[in-house]
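K.L.:
A single structure is presented below for examination.
Values quoted throughout were computed directly from the atomic coordinates according to the rules given, and no laboratory measurement underlies them. These numbers come from a predicted model, not from an experiment. Reconstructed Cβ throughout: ideal geometry from the backbone, glycine too, with neighbour counts over all protein chains shown.
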Amino acid sequence: KEIQEKYKTEPQEKAKQLMALYKTEKINPASSCLPLLLQFPILIALYRVFINGFKPESLDKLYSFVANPGIINPVMLGLNFLDLSQKNYLLAILAAIAQFWQGKMLINKKQPNVAGAKDEGMQAMMNKQMLYMMPVITLVIGFSLPGGLTLYWLITTLLTILQQWLTFRKESNLTVAQTIKS
């Protein structure tokens with residue numbers, strides 16, 4: 001906050017000072033990418049399984065000690081509209097709605113006002129664009145993927161929403177406790 005206020009008219013100097021602060025405090029701005037990088041091999045493996053894994057000719061590769069297990073039923077919970085090997089538009093729509101909800105949670109989180117900061121307006125505009133673009137991208141990609149991957153995407157987004165809710169709740173409880181103490 002102090003750096004943003006001090007260098008609000010000098011964006012290059014502000015960036016330089018922020019990077020120096022990150023270095024002294026040993027903060028890696030790219031550290032939030034690690035969970036995404038860990039999920040990427042899982043996503044690729046799931047894609048390969050749901051695209052090719054349910055075909056009877058590929059089942060002999062499932063286990064070396066089982067000659068041919070016959071067929072695997074890709075229908076989830078016995079509900080015919082939840083076939084995980086086929087495109088599932090319902091799951092894609094639910095994933096897009098969850099993506100919108102997640103974005104809305106972040107935007108509704110009250111950001112501190114910095115008087116006269118030019119970056120705040122640009123960031124608010126980018127957040128608003130992402131609020132609507134990410135669900136559309138999720139919907140388009142979800143329409144093209146097998147239902148199992150879209151289900152994975154939906155569950156991951158719902159768990160992220162839960163994590164954000166718990167974090168925001170914890171932060172608000174800390175803020176209330178600090179206000180009461182002072």
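K.L.:
What is the packing order of peptides 13-21, 146-154, 163-171, taking the mean over residues of other C-beta atoms within 10 Å and listing the highest first? Display every interim value, and only then the final one.
P.N.:
On the way: 13-21: 13.4, 146-154: 23.7, 163-171: 11.6.
Descending mean neighbour count gives 146-154, 13-21, 163-171.
K.L.:
Sticking with this one: Phe143 to Lys87: extension gain in nm, 0.36 nm per residue of separation minus the Cα-Cα distance?
P.N.:
19.5 nm
K.L.:
How far apart, in nanometres, would the label points at Gln164 and Ile42 be if each is projected 7 angstrom from Cα along the Cα-to-Cβ direction?
P.N.:
A separation of 1.8 nm, rounded to one decimal place.
K.L.:
Multiplying the sequence separation of Lys26 and Leu106 by 0.36 nm and subtracting their Cα-Cα distance, what value in nm do you get?
P.N.:
This chain segment gains 26.3 nm when fully extended.
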